[in-house]
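These notes concern the structure reproduced below.
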């Protein structure tokens, strides 16, 4: 029974910022160095300076915290006067179809995973969690929302919100990726209370932002230890969350592919020898390989061959639908052949980028994964199983910089 409330969001001041789309950015963990540089060039107030600073080591956290406070002091950022929720819609083209994803940004009470009220589906790593924790401590704010989905087959929540949408959105326009973004603010206490009641018996599945959510839990625990009189409604008891219904026609799930720089002491031939002892391997042209990429397979690309290697499990039961390609990859490749922590792994939604990065020699190996079926994701969650880190790529990404949630 997650507790949903409105919050006094901190937003960019349109009187100080000419083009709001110049200060927004994708989530930090999908930004490469080239895009980071472009975002820095877009504006001296781009959110990239908070979520992914160019500063080195511990300095980046101090810099981000000082920058955030400076923007508040100089009213680059301003705080809304009343607790609100922020409906957020995205319109985009996908596979020749025009789609719209509807959701809302609210403050959601943090729940430990053992309550089964907020449920993860991916594993996390200590290093990125520590990174986000240090940033949260420095800024004392949620800088980007966690993305979660819930079941609402009849669309009751969407209908209730649409009936109260202000005519003029706070933000409306197309971002550089071609996605149209619209953001509103609703402060109606009755509506917010009704939404909380309607969702009181629903579980939330974390779609994107597992590290941010676990960071928020850790930050809450730290603050509880520091406070002797904290109430159940302290800001740090909540996390900023974007909520979207699972049945939304605009909810698109893509696979996330991998490329690695470091194979340890392995030569390419040694890697494929180890791989062939664990899997069946077929060498195919790229187009044929992608067509052959069933749910339990993955493909490998290197810069020594023009062909692509389709990797299939040996003697896998036809009924074992949970042995997804991504689980096979991480269980037997990163689990046994390559050290994932030392592999200098980079994640991308683009098969073309995988090919370019590997063929250029910048990365040693690329791993292309099949699409994940929504039924698989839900079934895994119900079985209390997690997928490897960054299995899913929910498209389009929720932009950072739309609104911030102050934690004090």
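The values are calculated or read from the model by the stated rules, or taken from the named source; none is laboratory data. As the structure is a prediction and not an experimental result, all values here were calculated from the model. We place every Cβ from the backbone using ideal geometry, glycine too, and count neighbours over all the protein chains shown.
Mind checking which pairs have a first residue in the stretch 210-233 that is touching a residue at least 12 places away in the same chain (Cβ under 8 Å) and a second that is surrounded by fewer than 13 Cβ atoms within 10 Å (Cβ to Cβ) and in a helix (DSSP H, G or I), Cβ under 6 Å, 6 or more apart or different chains?
Partner pairs satisfying both residue conditions: none exist.
Looking at the stretch 192-208 only, could you name the residues that are under 16 Å from residue 107 (Cβ atoms), out of contact with any strand residue (DSSP E or B) (no Cβ under 8 Å at 6 or more places or on another chain) and touching a residue at least 40 places away in the same chain (Cβ under 8 Å)?
200, the sole residue that qualifies.
Which of the residues belonging to the stretch 163-205 are within 20 Å of the chain's Cα centre (by Cα), outside any strand (DSSP E or B) and surrounded by 16 or more Cβ atoms within 10 Å (Cβ to Cβ)?
175, 179, 203
Taking the stretch 352-389 as the region of interest, how many residues are touching a helix residue (DSSP H, G or I) at 6+ places or on another chain (Cβ under 8 Å) and modelled with pLDDT under 95?
Going through the stretch 352-389 one residue at a time, the tally reaches 6.
Would you confirm whether any residue within the stretch 134-156 is without any contact (Cβ under 8 Å) to a residue 12 or more places away in the chain and not in a helix (DSSP H, G or I)?
yes
Of the conditions (1) within 14 Å of residue 367 (Cα to Cα); (2) surrounded by fewer than 16 Cβ atoms within 10 Å (Cβ to Cβ); (3) modelled with pLDDT under 95; (4) out of contact with any strand residue (DSSP E or B) (no Cβ under 6 Å at 6 or more places or on another chain), residue 321 clears all except one; give me its number.
(1)
Scan the stretch 260-267 and give yes if some residue there is out of contact with any helix residue (DSSP H, G or I) (no Cβ under 8 Å at 6 or more places or on another chain) and either at positive phi or free of Cβ contacts under 8 Å to residues at least 60 places away in the same chain (or both), otherwise no.
yes
Residue by residue, here is whether (1) within 24 Å of residue 347 (Cα to Cα); (2) without any contact (Cβ under 8 Å) to a residue 40 or more places away in the chain; (3) surrounded by 17 or more Cβ atoms within 10 Å (Cβ to Cβ) holds:
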| site | (1), (2), (3) |
| --- | --- |
| 46 | yes, no, yes |
| 59 | no, yes, no |
| 85 | no, no, yes |
| 95 | yes, yes, no |
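The conditions are (1) exposed (fewer than 14 other Cβ atoms within 10 Å of the Cβ); (2) touching a strand residue (DSSP E or B) at 6+ places or on another chain (Cβ under 6 Å), and residue 260 fails exactly one of them. Which is it?
It fails just one condition, (1).
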